[in-house]
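Data block below; observations after.
The values are calculated or read from the model by the stated rules, or taken from the named source; none is laboratory data. This one's a predicted model, so the numbers in the text were calculated from it and none came from an experiment. Cβ: placed from backbone, ideal geometry, glycine included. Neighbour counts: every protein chain shown. Remember, those area values only see protein heavy atoms, side chains included, never the ligands or the DNA or RNA. Shrake-Rupley method; radii C 1.70, N 1.55, O 1.52, S 1.80 Å.
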Amino acid sequence: DKTYKNHLASKLLYNAIKDMKTIGVISEDKAAQVIDIATPVGLLMGIVPSTNPTSTAIFKSMIAIKARNAIVFSPHPSAAKCTMKAAMLMNEAAIAAGAPANIIGCISMPTIDATNALMKAKEVAMIIATGGPGMVRASYSAGKPALGVGAGNCPAYIEKTADVKKAVSNILASKTFDYGTICASEQSIIVEQCNREEVVAELKKQGGYFMSPEETKKVCGLLFKPGTHDMNAKFVGRSPQVIAEAAGICIPEGTRVLIGEQQGVGPEYPLSYEKLTSVLAFYTAKDWHEACELCIALLQNGIF
């Protein structure tokens with residue numbers, strides 16, 4: 001999965017943007033007498049998360065250079081070597097293709113202070129930040145243009161007319177990709193009372209394990225830092241087997257994802273927050289209206 005993420009952020013990205021015009025006149029509306037002219041901004045700062053430490057560096061390097069900008073990365077301390085290696089390889093490739101020396105750089109000793117100093121450095125013209133809500137908020141308040149992508153808390157609503165087998169297959173394929181480290185992966189499943197049993201049966205058939213309330217409590221005690229809804233880094237991107245063993249619970253062979261039923265959204269329901277690992281929340285709504293309200297509450301829960 002990690003190999004494919006790098007492939008997506010390099011070759012597939014290249015094919016998508018290689019013919020895109022990014023400098024000079026990029027569009028013209030003769031009727032309105034408006035011309036759009038694109039110009040480089042200068043030095044970009046790229047903030048890179050631990051969940052995607054190489055693919056994010058590859059992706060940001062390519063879009064920076066495509067628009068004729070240089071970029072310097074601030075890696076996550078827990079994956080610094082990965083990001084530094086990716087930045088070095090991208091810099092070497094860029095220079096070999098004719099780019100100036102050191103067009104792609106990276107902090108070698110990442111700390112919060114180093115990241116903050118780089119964000120506020122006068123040489124940095126723009127920040128492109130990928131990370132947790134705190135880091136994204138910090139980039140927005142650095143006093144310069146910033147593009148941020150932070151936490152997600154995506155619910156998947158399986159409506160009563162849905163193809164349940166296909167819906168479950170798609171959700172599990174997404175959630176199990178790289179053990180759930182993609183922030184766009186599903187975090188909760190919502191069903192209606194009328195199709196609940198069919199969805200539960202299909203989830204079990206395709207490798208979902210429904211935890212008991214006691215088991216769910218044990219797993220939540222591992223996933224989140226005490227008194228918060230911030231994930232324990234030790235269990236980010238872990239298999240169900242690793243999580244279950246640490247929690248002291250037994251799960252069937254072939255389990256692909258752990259599922260915990262929740263009755264609401266907020267601090268009293270830990271699984272209603274983002275879980276960048278192979279754990280899903282499960283909700284039952286009485287009708288489509290309640291399901292939609294629940295989806296909205298989940299999307300707004302714990303993001304900023």
Can you name every residue in the stretch 260-275 that is within 20 Å of the chain's Cα centre (by Cα) and open to solvent by less than 30 Å² (accessible area, probe 1.4 Å)?
271, 272, 273, 275
Scan the stretch 40-99 residue by residue and report those that are of a type outside the set (A, V, I, L, M, F, W, C), under 15 Å from residue 131 (Cβ atoms), at pLDDT 95 or above and in a helix (DSSP H, G or I).
55, 56, 60, 83
Positions within the stretch 119-143 being modelled with pLDDT of 95 or more and either within 22 Å of residue 186 (Cα to Cα) or surrounded by 15 or more Cβ atoms within 10 Å (Cβ to Cβ) (or both), in sequence order:
124, 125, 126, 127, 128
Do the conditions hold for residue 214, that is, is it among the charged types (D, E, K, R) and either modelled with pLDDT under 95 or touching a strand residue (DSSP E or B) at 6+ places or on another chain (Cβ under 9 Å) (or both)?
no
Which pairs turn up if I take residues in the stretch 209-233 that are over 17 Å from residue 248 (Cβ atoms) and look for partners that are assigned to a strand (DSSP E or B) with beta carbon separation below 6 Å, at least 6 apart in sequence or on another chain?
210/259
When residues of the stretch 237-266 are limited to those that are in contact (Cβ under 8 Å) with a residue 60 or more places away in the chain and of a type in the set (S, T, N, Q), the one farthest from residue 175 (Cα to Cα):
262
State the number of residues belonging to the stretch 225-251 that are closer than 23 Å to residue 208 by Cβ and acidic (Asp, Glu).
1
Sort out which residues of the stretch 167-191 are at positive phi and open to solvent by 10 Å² or more (accessible area, probe 1.4 Å), and write them in order of number.
178, 179
